[in-house]
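Notes follow the structure.
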Amino acid sequence: MRFLAFASLAACVRLPPQPDYNEAFFARKPLAHYTIPTPRRGQPAETVVGDLTTVTVIKGDTLLDIGRWYDVGYEAMAAANPGIDMWIPRAGTKVTVPTAYVLPCCTYQGVVINVPELRVYYFRPGSRAGTTSVITFPAALGRDDFKSPRGRFRVVGKTVDPTWVIPERIRREHIREQGDARRSIRGGADDNPLGRYRLELDRSLYRIHGTSKPWGIGMQVTHGCVQLYPEDIEYLFPLVPIGTPVEFTYQPVKVGQRGGRTYVEVHEDIYDTNRDPVAAAIKAAREQGVPADREAVRRATSGATGVPLEAGRL
């Protein structure tokens, strides 16, 4: 019943008939671009983009494949579809693909990584004056013992087919768990976890790059870096110039507005910061100058579904 509150933004679609799920198929997937009026400090902004997608499962589908086609990661698909088998969903089942997003507050330029959401946003000036274009991708981020950072950085380098020089701590882990004592993996190798494209950041060993294991996107599986689907990093790589600002933010609760309505979107607090989601939502609404009904906020924050839910109107 939770999704009924979002029905006005929902769309019923389906995948191409009988898709052959392989890398060539995913390389052809459509990527959604959104344009919003450029937010201005101290003024309410239209910061909800996209529409929920509903897909009817056909035999052979997995929720991972459906999610990848719509650029949604593992944990997001699981949270939006509790009780549905991720690997063998029953044919005819209708699944929710959470392709509507409250934009993280309040940096609307460059690359923004919202860590608990396991998602990357890229903002740049729109084609019309006074607008901002945004595209968003699911990401794999740091495990509990290798947390992704918080803070602001800049892109200082871009590499195609990067060689991975394995940090010693990670190398010892590989020896212990896999018996693999390699000190590096050549660029372009099938098992190179950096994939084919890498963006390097200043003041940090953290990077934004591809992956050799696409099934891990949308999960906490990295040593702190940001991994994207191969087709997503290939698309993003040429768009991002050297000097682009990059912000790692931590917002398990996001608040935004569209069409005079306030929406709250809640994700799991993956690093256990013990924030009160109701208080966080009320505070965010106040700071952004948008109305929020406390009872509606309480209902919207009762579960980390990752789906924007209405919590007030102008």
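Has region 301-314 got at least one residue that is more than 29 Å from F146 (Cβ to Cβ), open to solvent by less than 50 Å² (accessible area, probe 1.4 Å) and in a helix (DSSP H, G or I)?
Within region 301-314 (the criterion being more than 29 Å from F146 (Cβ to Cβ), open to solvent by less than 50 Å² (accessible area, probe 1.4 Å) and in a helix (DSSP H, G or I)), the answer is no, since none of the residues qualifies.
Go through (1) under 26 Å from T99 (Cβ atoms); (2) touching a residue at least 40 places away in the same chain (Cβ under 8 Å); (3) open to solvent by 30 Å² or more (accessible area, probe 1.4 Å); (4) in a helix (DSSP H, G or I) for E287 and report which single condition fails.
(1)
Would you mention how many residues in region 196-206 are buried (at least 19 other Cβ atoms within 10 Å of the Cβ) and under 14 Å from V155 (Cβ atoms)?
Result for region 196-206: 6.
Assuming G218 fulfils every condition listed in (1) touching a strand residue (DSSP E or B) at 6+ places or on another chain (Cβ under 9 Å); (2) at negative phi; (3) crowded, with 19+ Cβ neighbours inside 10 Å apart from one, which condition is it?
(2)
Which number in (1) open to solvent by less than 10 Å² (accessible area, probe 1.4 Å); (2) assigned to a helix (DSSP H, G or I); (3) touching a strand residue (DSSP E or B) at 6+ places or on another chain (Cβ under 6 Å); (4) under 23 Å from T136 (Cα atoms) marks the one condition that V297 misses?
Evaluating V297 over (1) open to solvent by less than 10 Å² (accessible area, probe 1.4 Å); (2) assigned to a helix (DSSP H, G or I); (3) touching a strand residue (DSSP E or B) at 6+ places or on another chain (Cβ under 6 Å); (4) under 23 Å from T136 (Cα atoms) leaves (4) as the failure.
With R203, R196 as the choices, which residue is among the charged types (D, E, K, R), out of contact with any helix residue (DSSP H, G or I) (no Cβ under 9 Å at 6 or more places or on another chain) and farther than 24 Å from I36 by Cα?
R203
List the pairs whose first member sits in region 259-279 and is touching a residue at least 12 places away in the same chain (Cβ under 8 Å), whose second member is part of a helix (DSSP H, G or I) and open to solvent by 70 Å² or more (accessible area, probe 1.4 Å), and whose Cβ atoms are under 6 Å apart, counting only residues at least 6 apart or on separate chains?
Cβ pairs passing all conditions: V278/R298.
For region 9-65, which strands (runs of 3 or more DSSP E) that fit wholly inside it have 2 or more residues that are at pLDDT below 90 and either open to solvent by 30 Å² or more (accessible area, probe 1.4 Å) or in contact with a strand residue (DSSP E or B) (Cβ under 7 Å, 6 or more places away or on another chain) (or both)?
10-12
Failed condition for I84, given (1) crowded, with 17+ Cβ neighbours inside 10 Å; (2) in a loop (DSSP other than H, G, I, E, B); (3) in contact with a Leu (Cβ under 6 Å, 6 or more places away or on another chain); (4) not acidic (D, E), with all others met?
I84 satisfies all of (1) crowded, with 17+ Cβ neighbours inside 10 Å; (2) in a loop (DSSP other than H, G, I, E, B); (3) in contact with a Leu (Cβ under 6 Å, 6 or more places away or on another chain); (4) not acidic (D, E) except (3).
Out of all the residues in region 151-188, which are touching a residue at least 24 places away in the same chain (Cβ under 8 Å) and not in a loop (DSSP other than H, G, I, E, B)?
Matches in region 151-188: G151, R152, F153, R154, V155, V156, G157, K158, T159, V160, W164, I170.
So, S148, is that one among the polar types (S, T, N, Q) and either farther than 28 Å from G260 by Cβ or not in a strand (DSSP E or B) (or both) or not? Walk me through it before giving the result.
Values: among the polar types (S, T, N, Q): yes; either farther than 28 Å from G260 by Cβ or not in a strand (DSSP E or B) (or both): yes.
In short, yes.
What are the residues in region 99-112 that are closer than 18 Å to K29 by Cα and open to solvent by 10 Å² or more (accessible area, probe 1.4 Å), if any?
Within region 99-112, T99 is the sole residue that qualifies.
Provide a single number: the residues in region 221-241 that are surrounded by fewer than 19 Cβ atoms within 10 Å (Cβ to Cβ) and not in a loop (DSSP other than H, G, I, E, B).
Within region 221-241, residues that are surrounded by fewer than 19 Cβ atoms within 10 Å (Cβ to Cβ) and not in a loop (DSSP other than H, G, I, E, B) number 5.
Report the residue count in region 113-141 for those that are at pLDDT below 95 and open to solvent by less than 10 Å² (accessible area, probe 1.4 Å).
0
Within region 161-178, identify whether any single residue is among the polar types (S, T, N, Q), surrounded by fewer than 21 Cβ atoms within 10 Å (Cβ to Cβ) and at pLDDT 95 or above, and answer yes or no.
no
Kindly indicate whether P252 is within 22 Å of R152 (Cα to Cα) and either among the acidic types (D, E) or surrounded by fewer than 19 Cβ atoms within 10 Å (Cβ to Cβ) (or both).
no
The values are calculated or read from the model by the stated rules, or taken from the named source; none is laboratory data. Since the structure is predicted, the reported quantities are computational estimates derived from the model, not experimental observations. Neighbour counts run over all protein chains shown; Cβ positions are idealised from the backbone, glycine included. Side chains included, ligands, DNA and RNA excluded: accessible areas come from the protein's heavy atoms. Shrake-Rupley method; radii C 1.70, N 1.55, O 1.52, S 1.80 Å.
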